[in-house]
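Have a look at the structure below, then the notes.
None of the figures in this text is laboratory data; all of them are computed from the coordinates on show. Nothing here was measured: the structure is a model prediction, and the numbers come from that model. Neighbour counts run over all protein chains shown; Cβ positions are idealised from the backbone, glycine included.
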Amino acid sequence: MQTSTAISVQAFQALVNEIHDISATQAILGWDLETYMPEQGGPLRAKQMATLAKISHNMMTSPEMAEHLRSLRQPGVLEKLDTMSQALVREVGRNFDKSQKTPIELLQEIVETTAEAHKTWVEARANKNFKQFEPVLRKIISLNQRMAEAQGYGDSPYDALLYDYEPGLTVKQLDPQFKQLKADLVPLLKAIQNSGYTPQTDFLHQGPFPQNDQLAFSEQVLKDMGFDFAAGRLDLAPHPFSSGASSMDVRLTTRVDVHDVFSALSSSMHEGGHGMYEQGVNAALNRTPLAEGTSLGIHESQSRMWENLVGRSKAFWSHYLPKLQATFPSLKSVTLEQFYHAINRVQPSFIRVEADEVTYNLHIMVRYEIEKALIEGTMKVDEVPEAWAAKMQEYLGITPANDAEGALQDIHWSHGSFGYFPTYTLGNLYSAQFFNTAKQQNPALENDIAHGNLLTLKSWLNKEIHAVGKMESATTIVQRVTGEPLNARYFVDYLWQKYGDIFNIQR
Ligand code: ZN
């Protein structure tokens with residue numbers, strides 16, 4: 001005989017499954033829009049996606065959902081549910097509470113303002129003129145501040161925004177880690193620049209390296225990594241991303257530059273890391289919001305691990321360089337050392353997305369410090385370009401010539417996203433911390449990678465990080481897997497070891 005709680009859990013899960021089916025469908029429509037949709041499909045596609053968003057929002061905030069959550073969250077009921085149902089009630093309840101706390105007028109204002117902001121940002125960037133973007137950015141910041149007030153927070157309004165991307169992490173926890181990271185990275189960069197050595201990179205950019213050969217090579221590496229092509233695809237898109245509908249349907253995209261032999265492969269490995277996280281989630285969690293990566297930071301740790309700790313390692317290339325040379329004979333005379341040094345060249349530059357492993361996080365520090373000050377109200381919008389230039393000079397030793405090379409380069413603020421940037425650095429920090437544990441627990445790991453056996457790492461990640469999906473939070477996963485909370489030391493040690501060797505410098 002079924003108890004009333006069991007019936008209520010079933011009805012709750014059925015509703016959650018339907019809501020999730022809609023968001024999975026939205027994801028596929030979004031993927032199609034970026035890949036194969038005919039040009040004229042755009043305007044109606046936007047309406048189709050908006051209709052689905054409205055339906056799922058209505059289901060999510062329905063009296064039926066409110067009643068399910070009310071009865072399942074009662075003391076004495078929740079604790080008796082199985083672990084998965086408890087996690088589901090917690091996760092859905094978190095989203096429900098958020099939507100309850102968010103005034104509908106505020107949401108509408110955000111949608112309208114960001115649509116306008118995006119257009120203004122595109123124009124301002126083309127004109128290299130931050131002034132043009134200022135009024136709408138001011139509005140976006142005030143909307144974000146109102147959102148933070150509506151959601152509530154402890155010490156900093158920025159915490160409330162961070163919560164959307166990295167739940168559980170606060171400014172208080174981030175600041176000391178980031179401060180230490182900055183203190184370690186700036187001298188490392190100086191030492192590299194003073195080493196007097198600049199790796200040769202011209203052979204990476206000659207070619208042409210035909211598109212189909214590059215795609216076939218990327219696909220082979222993804223297969224070797226353990227990406228399952230029976231449960232996923234790789235297609236071309238203007239901006240690489242990964243998305244999908246379930247652990248059995250993961251869509252990766254990449255872009256190919258025929259005069260760059262490394263970028264498509266590198267971005268494929270990056271997106272492959274994201275995609276394998278999604279494929280690795282326990283299939284029992286499908287059709288629920290638990291069937292995805294637990295946070296953006298942990299997600300990025302997976303992509304960064306494959307892109308950098310594996311894909312820019314000497315071990316990896318000792319196996320793959322001969323294969324790459326067989327595909328692209330113009331690389332025939334390049335030695336392993338030359339290739340390894342070329343793909344790890346360090347050079348301060350203005351554009352974040354083109355930055356190397358050493359300078360990348362300094363770009364994030366610039367953005368984090370500025371956006372936190374804007375949200376906390378300690379910096380005014382018209383002070384941004386000057387603050388940007390000063391921080392770039394202090395951390396990277398270069399000053400942007402104009403706003404397009406400076407504060408206008410990233411799309412995030414025009415989307416209304418504040419609190420997103422730190423997750424990129426968190427991804428790098430987590431990746432090194434996880435990889436350190438992976439090596440300790442698999443002493444043959446680097447040797448396996450050097451022999452093209454990438455499945456040792458994949459299996460370890462599946463078991464330790466992927467399988468739980470969103471049933472565990474980022475902080476719980478990091479503590480469980482590595483035995484300690486987030487610790488920037490592993491990333492700094494990794495960089496010093498690698499770049500100390502390449503540039504022959506001492507800490
Ligand atoms: Zn990523």
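The calculated FRET efficiency for residue 131 paired with residue 467, based on their beta-carbon distance and R0 = 56 Å, is about 0.65.
Listed here are the pairs 119/391; 98/172; 179/372; which of them are more than 20 Å apart at the Cα?
On the way: 119/391 27 Å; 98/172 22 Å; 179/372 14 Å.
Flagged as over cut-off: 119/391; 98/172.
Couplings for region 339-356, taken from phi via the Karplus curve 6.51 cos²θ - 1.76 cosθ + 1.60 with θ = phi - 60°, read 5, 4, 5, 4, 6, 10, 4, 10, 8, x, 9, 7, 9, 3, 5, 9, 6, 7 Hz in order; Gly and Pro are left as x. Cross-link candidates for residue 323: which lysines have Cα within less than 19 Å, leaving aside residues fewer than 8 places away along the same chain? Cα-Cα hits under 19 Å: 223, 314, 332. Each residue of region 274-283 was assigned a 3J(HN,Hα) from its phi angle through the Karplus curve 6.51 cos²θ - 1.76 cosθ + 1.60 (θ = phi - 60°); the sequence is 4, x, 5, 4, 5, 5, x, 5, 3, 4 Hz, with glycine and proline shown as x.
Scalar couplings 3J(HN,Hα) for region 241-251, obtained by applying the Karplus form with A = 6.51, B = -1.76, C = 1.60 to θ = phi - 60°, are 7, 10, 8, x, 10, 5, 5, 9, 8, 10, 10 Hz; x denotes Gly and Pro. Bridges between two residues of the chain, per DSSP, are antiparallel at a rate of about 45%. Residue ranges 80-87, 423-430 sort as 423-430, 80-87 when ordered by packing (mean number of other C-beta atoms within 10 Å per residue, highest first).
Just from its helices, what would the mean residue ellipticity at 222 nm be for the chain, if runs of 4 or more DSSP H residues each count -39500 (n - 2.57) and the sum is divided by every residue, rounded to the nearest 500 deg cm²/dmol?
Numbers: 20 runs with 308 residues, N = 507.
Counting only the DSSP helices, I get -20000 deg cm²/dmol.
Can you order the peptides 107-114, 279-286 by their average number of other Cβ atoms within 10 Å per residue, highest first?
Working: 107-114: 14.9, 279-286: 19.4.
Ranked from most to least packed, the peptides come out as 279-286, 107-114.
Peptide packing: for 38-45, 374-381, the average count of neighbouring Cβ atoms within 10 Å per residue gives the ranking 374-381, 38-45, highest mean first.
Could you size up the charge dipole of the chain around its Cα centre, putting +1 on the beta carbon of Lys and Arg and -1 on that of Asp and Glu, and report it in debye to the nearest 20?
Details: 45 positive and 59 negative charges, 95 e Å.
My answer is approximately 460 debye.
Which chymotrypsin sites (Phe, Trp or Tyr not before Pro) does region 357-416 hold that lie in a coil by DSSP with at most 13 other beta carbons within 10 Å? Within region 357-416, no chymotrypsin sites (Phe, Trp or Tyr not before Pro) qualify (loop, at most 13 other Cβ atoms within 10 Å). Could you list the residues of region 65-94 with an amide nitrogen less than 12 Å from a label point located 7 Å from the Cα of residue 18 in the Cα-to-C-beta direction? Correct set: 65. Annotation: amide H of residue 260 within the under-5 Å range of 209, sequence separation 5 or more or interchain, hydrogens built in the peptide plane. With a ≥ b ≥ c taken as the square roots of the eigenvalues of the C-alpha gyration tensor of region 171-503, please select rounded if a/c is under 1.5 and otherwise prolate if a/b is larger than b/c or oblate if it is not? Rounded, since a/c falls under 1.5.
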